[in-house]
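Trainee: The structure that follows is given in the form of structure tokens.
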Amino acid sequence: EANSSKHYLQKVFDDLISHKPCPQVPRKLPFNFSLFVLGGYQKQSLDLVECFKKSTMSWERCADMHIPRSGVACVSVSLHIYVIGGRNTSMLGNVDCADVECYNPFLNVWKKCVSMTVPRSRAGTFFY
């Protein structure tokens, strides 16, 4: 009996020190959208937001941004979309923007965030 216990504990010890990765089960995401298009330009800057839904293979209109913008920088953090800067081009002129907005796709609402100190358009973003 002591020999079989020793063999069992040796096997447990060998498994622990072998650094085997744990099997990972693919997660099913709790939502059915996958692609967003924000702002843009069509004779003037747009405040439009559209979402391509995988479940229906169609585009749906989402809540509009607070201000029309083209040349925005976008980044997704914790399943929210941040739209940063851009340019508001209208019949009245072109104005670079320092505004930052956050979109919650689960509630379909935009929230204004703290503005940047310098207005900019066509900027790049990344998250790490």
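Trainee: I'm trying to understand the selection: among the residues of segment 43-70, which are open to solvent by less than 30 Å² (accessible area, probe 1.4 Å), under 22 Å from residue 119 (Cβ atoms) and not in a strand (DSSP E or B)?
Mentor: First pass over segment 43-70, keeping only residues open to solvent by less than 30 Å² (accessible area, probe 1.4 Å): 45, 49, 51, 62-63, 65, 69-70.
Add one more test, that the residue is under 22 Å from residue 119 (Cβ atoms), and what stays is 45, 49, 65, 69-70.
Across segment 43-70, the qualifying residue is only 65.
Trainee: For segment 49-65: of the residues being within 17 Å of the chain's Cα centre (by Cα) and not acidic (Asp, Glu), which is nearest to residue 93 (Cα to Cα)?
Mentor: Result: 65.
Trainee: Within the bounds of segment 13-35, is there any residue that is closer than 30 Å to residue 118 by Cα, buried (at least 16 other Cβ atoms within 10 Å of the Cβ), among the hydrophobic types (A, V, I, L, M, F, W, C) and out of contact with any helix residue (DSSP H, G or I) (no Cβ under 8 Å at 6 or more places or on another chain)? Can you show your working first?
Mentor: Quick first cut of segment 13-35, residues closer than 30 Å to residue 118 by Cα only: 35.
Now narrow it down to the ones that are buried (at least 16 other Cβ atoms within 10 Å of the Cβ): none.
So far as segment 13-35 goes, no, none of its residues is closer than 30 Å to residue 118 by Cα, buried (at least 16 other Cβ atoms within 10 Å of the Cβ), among the hydrophobic types (A, V, I, L, M, F, W, C) and out of contact with any helix residue (DSSP H, G or I) (no Cβ under 8 Å at 6 or more places or on another chain).
Trainee: If I ask for residues that are of a type in the set (Phe, Trp, Tyr) and open to solvent by 30 Å² or more (accessible area, probe 1.4 Å), which ones from segment 90-109 would you list?
Mentor: First, pick out the residues of segment 90-109 that are of a type in the set (Phe, Trp, Tyr): 103, 106.
Within segment 90-109, 106 is the sole residue that qualifies.
Trainee: Give the residues of segment 72-110 that are part of a strand (DSSP E or B), without any contact (Cβ under 8 Å) to a residue 40 or more places away in the chain and over 18 Å from residue 34 (Cβ atoms), sorted by residue number.
Mentor: Step one: filter segment 72-110 for residues part of a strand (DSSP E or B), giving 73-77, 80-84, 87-90, 93-96, 100-104, 109-110.
After this cut, where a residue has to be without any contact (Cβ under 8 Å) to a residue 40 or more places away in the chain as well, the list is 80, 93-96, 100-102, 104.
Those that are part of a strand (DSSP E or B), without any contact (Cβ under 8 Å) to a residue 40 or more places away in the chain and over 18 Å from residue 34 (Cβ atoms): 93, 94, 95, 96, 100, 101, 102.
The values are calculated or read from the model by the stated rules, or taken from the named source; none is laboratory data. Treat the numbers as computed from the prediction; the structure is a model and nothing was measured. Please note: Cβ atoms are built from the backbone with ideal geometry, for glycine as well, and neighbour counts cover all protein chains shown. When the accessible area is computed, the model is the full protein with side chains, heavy atoms only, and any ligands, DNA or RNA have been set aside. Shrake-Rupley method; radii C 1.70, N 1.55, O 1.52, S 1.80 Å.
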